[in-house]
Amino acid sequence: MATGWVQPWWIARPANRRLSRLCDRLNVPPSCNVALTDPLTIVDTADFRLYNHAFILRRRIRYVDGFPAGDPEIVFKFRHPDLQKAAEFDVRPNFAGNYRIKFKAETLPLKDQVGGFRTVGSVVS
């Protein structure tokens, strides 16, 4: 199975610069916007099989002063429009380490028209 690596963080770079300047003007500590500068890697197959079947697999590495700090954060997410089906889906990892499971009900814009919203349930580990 081929794996494609997508790094969308480069798209947000201009917004990050503006946010950093605003934080400087407001005397907000730099640790408040550190998540915006950490690279986020989305892992999927070359033909987007995970995404097309409502799965997201991503990795984020925190950086402090330009160097990796701590363990990477690995997130596996399943989304479904039926909240019950999303809640029933088992996303527990198959390892002995620490993990946390979260269930979210997200409100997103409609896919096919302007105005309105849809509710999507997601399970995250």
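Return the total of residues in the stretch 61-81 being closer than 23 Å to Ala105 by Cβ and in contact (Cβ under 8 Å) with a residue 24 or more places away in the chain.
Number satisfying all stated conditions: 7.
State yes or no: is Leu40 touching a strand residue (DSSP E or B) at 6+ places or on another chain (Cβ under 8 Å), at pLDDT below 80, surrounded by 15 or more Cβ atoms within 10 Å (Cβ to Cβ) and closer than 27 Å to Asn98 by Cβ?
In short, yes.
One line per residue, one yes/no per condition, for (1) small (Gly, Ala, Ser); (2) at pLDDT 85 or above; (3) out of contact with any Lys or Arg (no Cβ under 7 Å at 6 or more places or on another chain); (4) surrounded by 11 or more Cβ atoms within 10 Å (Cβ to Cβ):
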{"site": "Asn52", "(1), (2), (3), (4)": "no, yes, yes, no"}
{"site": "Arg58", "(1), (2), (3), (4)": "no, yes, yes, yes"}
{"site": "Phe78", "(1), (2), (3), (4)": "no, yes, yes, yes"}
{"site": "Ala86", "(1), (2), (3), (4)": "yes, yes, no, yes"}
{"site": "Asn98", "(1), (2), (3), (4)": "no, no, yes, no"}
{"site": "Phe103", "(1), (2), (3), (4)": "no, yes, yes, yes"}
{"site": "Asp112", "(1), (2), (3), (4)": "no, no, yes, no"}
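With the requirement that a residue be of a type in the set (A, V, I, L, M), under 19 Å from Ile42 (Cα atoms) and either assigned by TED's automatic domain parsing to the domain that holds Thr41 or in a strand (DSSP E or B) (or both), what does the stretch 58-115 give you?
Ile61, Ile74, Val75 - these are the residues of the stretch 58-115 that are of a type in the set (A, V, I, L, M), under 19 Å from Ile42 (Cα atoms) and either assigned by TED's automatic domain parsing to the domain that holds Thr41 or in a strand (DSSP E or B) (or both).
The values are calculated or read from the model by the stated rules, or taken from the named source; none is laboratory data. Since the structure is predicted, the reported quantities are computational estimates derived from the model, not experimental observations. For neighbour counting, all protein chains shown are included, and Cβ atoms are generated from backbone atoms with ideal geometry for every residue, glycine included.
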